[in-house]
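Structure, as structure tokens:
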Amino acid sequence: MRSFYEEQIKAHRPLTQTDRDAIATRVAREVHENGFVAQAGQIRINETQVFAFGRLQNHYKRMFTDPSYPERFSHPGYITDSADLEALAAYFFWGAWVSAADRPGETHSYTHNWPYDPEAGNRPTSATLIWSLLSILALFVGCMLVLYVYGQMRTLLADPFNRNGVTLTTFELERGGEIVRPTQRSTYKFFAFAVVLFVVQVLAGIL
């Protein structure tokens, strides 16, 4: 979209930094404009977005079919059907559209301005920050509450974990892991893998 406006200016005069700044602001505003027309059941995009969609189609077509393309896919011939390539470009285009276009009557997108991208005017909404913090807080409060109740019940004179001969917890675990049952030992690999997977997900998110 920026290229579209830049080429229009270059056709008449040299492009300045002021022009680039103005174009960046304009594009960030336009991607948040929702062209959905309920009566017609259509989404209308402007000529700049049409231009960008064409660029996307050309990009993904060359990525999968042009060996000389700098951004070519590492496996030649992975996708060759023109209809599939058009569908792929459309998928990414509309994925970007729904991430930026403001919901009707709102000042944020359908995805609450996710992913974060200042150049597209996508910054976290207050609701995103509030509910993210509240969810983490609720997790910690819940864990602390469970541990507190468990600790208080252990101080009782009677055994609160044994009702009518049915033990609600294992005595072996209360002895600091001196005895580990085979069924418990079999879960070690699972927890080790879960920890590794969690770390990989965090690192991937950071990257």
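So that you can scan it fast, the table gives a plain yes or no per residue for (1) surrounded by 10 or more Cβ atoms within 10 Å (Cβ to Cβ); (2) modelled with pLDDT of 95 or more; (3) more than 19 Å from the chain's Cα centre (by Cα):
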| site | (1), (2), (3) |
| --- | --- |
| A87 | yes, yes, yes |
| A100 | yes, yes, no |
| L156 | no, no, yes |
| E172 | yes, no, yes |
| P182 | no, no, yes |
| Y188 | yes, no, yes |
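Residues considered: Q57, Q49. Of these, the only one that is in contact (Cβ under 8 Å) with a residue 12 or more places away in the chain, closer than 28 Å to S3 by Cα, open to solvent by 40 Å² or more (accessible area, probe 1.4 Å) and in a helix (DSSP H, G or I) is Q57. Taking every residue in the stretch 192-207 that is closer than 17 Å to Y116 by Cα and assigned to a helix (DSSP H, G or I) and pairing it with any residue that is open to solvent by less than 100 Å² (accessible area, probe 1.4 Å) and of a type in the set (D, E), at least 6 positions away or on another chain, yields no pair with a Cβ-Cβ distance below 6 Å.
Does V141 satisfy the criteria of being part of a helix (DSSP H, G or I) and open to solvent by less than 90 Å² (accessible area, probe 1.4 Å)? Against the criterion (part of a helix (DSSP H, G or I) and open to solvent by less than 90 Å² (accessible area, probe 1.4 Å)), V141 qualifies. Residue under question is V31, and the condition is that it be under 21 Å from Y91 (Cα atoms) and surrounded by fewer than 11 Cβ atoms within 10 Å (Cβ to Cβ); does it hold? In short, no. Take the stretch 121-138 and flag every residue that is among the polar types (S, T, N, Q), surrounded by 11 or more Cβ atoms within 10 Å (Cβ to Cβ) and assigned to a helix (DSSP H, G or I). If the condition is that a residue be among the polar types (S, T, N, Q), surrounded by 11 or more Cβ atoms within 10 Å (Cβ to Cβ) and assigned to a helix (DSSP H, G or I), then T128, S132 are the ones that fit. Looking across the stretch 89-140, the residues that are of a type in the set (D, E) and closer than 25 Å to Y60 by Cα come down to D117, E119.
The values are calculated or read from the model by the stated rules, or taken from the named source; none is laboratory data. From a predicted model like this one, the values you see are computed outputs, not experimental measurements. Using ideal geometry, Cβ is built from the backbone for each residue, glycine included, and neighbour counts are taken over all protein chains shown. These area figures cover heavy atoms from the full protein model, side chains too; ligands, DNA and RNA do not enter into them. Shrake-Rupley method; radii C 1.70, N 1.55, O 1.52, S 1.80 Å.
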